[in-house]
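A.B. asks: Below you'll find the structure I mean.
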Amino acid sequence: MNKKLAAALSGGAVLMLTLSGCSDDSNKKVDDWAKTFCNTAQPQFKKITDANAAIQAQTRDDSKPADVQKTDSAAFQQISDAYKALGAAVDKAGAPPVKDGATTQQEAVKELNASSVSYANLKKKVDALNAGDQAAFAKGLEDIATELGKISSTGDASLKKLESGDIGKAMQKQPGCQKQTPSSPAPSASGAGAPAASPSGSASPSGSASGTPKS
């Protein structure tokens, strides 16, 4: 019953997860900005990856509604907190030293904070579902998955701009902004929302998450 919700996450969560490899181009000011941002944001990318993996782990046919609800609620809260922290990381890094850097920064922070609010609202909706009525619970999850899909497909224009051009190339060279796998073992229903004990790199604002679930 959680498969559609898990599949919806594959279209969202942090774009930098798609960045890998490195670039030969060098611009010290841009590189310094990318390093400042990626080092600060690294644990948050990891939290998003782990939260997605936790939801994926609860897509088994024998998953109990109460366990699914607990896992999804904790995961959405974790993603919400991570997006809020990513917004703070972009704000703290300052305007990237590129054309229209200040505008790009401000819009990216706005989008990250909006994503944080959206995931917090999804948590509230999951918490409000009746896990005792399996049919109603499944329908509720389907509605949440539809809403999640909309969140995942909109509002990332500034984030993509932030990760393009010289800034994107500089991010590619930073371990904290490169794709990483979820913590192992994947969080269970009882510990889905717990941050990784040793956070390490992972993603960025608006793309496909590592370890992303399939429908």
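A.B. asks: Count charges around Ala138 for me, please; just the other residues with Cβ under 13 Å from its Cβ, Lys/Arg as +1, Asp/Glu as -1. Don't skip to the end; give the middle numbers.
C.D. replies: Values: positive: Lys3, Lys4, Lys64, Lys139; negative: Asp61, Asp72, Asp133, Glu142, Asp143.
Net charge in that neighbourhood comes out at -1.
A.B. asks: What does the charge count around Gly101 come to, taking other residues whose C-beta lies under 12 Å from its C-beta (Lys +1, Arg +1, Asp -1, Glu -1)? Walk me through the numbers on the way to the answer.
C.D. replies: Details: positive: Lys29, Lys99, Lys161; negative: Asp100, Glu107, Asp166.
Summing Lys and Arg as +1 and Asp and Glu as -1 gives 0.
A.B. asks: While we're on this one: For a quick protection proxy, order the peptides 77-85, 98-106 by their average other-Cβ count within 10 Å, most packed first.
C.D. replies: Highest mean packing first, the order is 77-85, 98-106.
A.B. asks: Quick one: of Lys47/Lys139; Lys46/Lys124; Lys28/Lys169; Lys64/Lys139, which pairs are farther than 18 Å apart, Cα to Cα?
C.D. replies: In this structure, Lys47/Lys139; Lys46/Lys124 lie more than 18 Å apart at Cα.
Bear in mind that the values in this text are calculations on the coordinates, not laboratory data. What you see is a predicted model, and the numbers here were worked out from it, not measured in a lab. Here the Cβ is made from the backbone with ideal geometry for all residues, glycine too, and neighbour counts use every protein chain on show.
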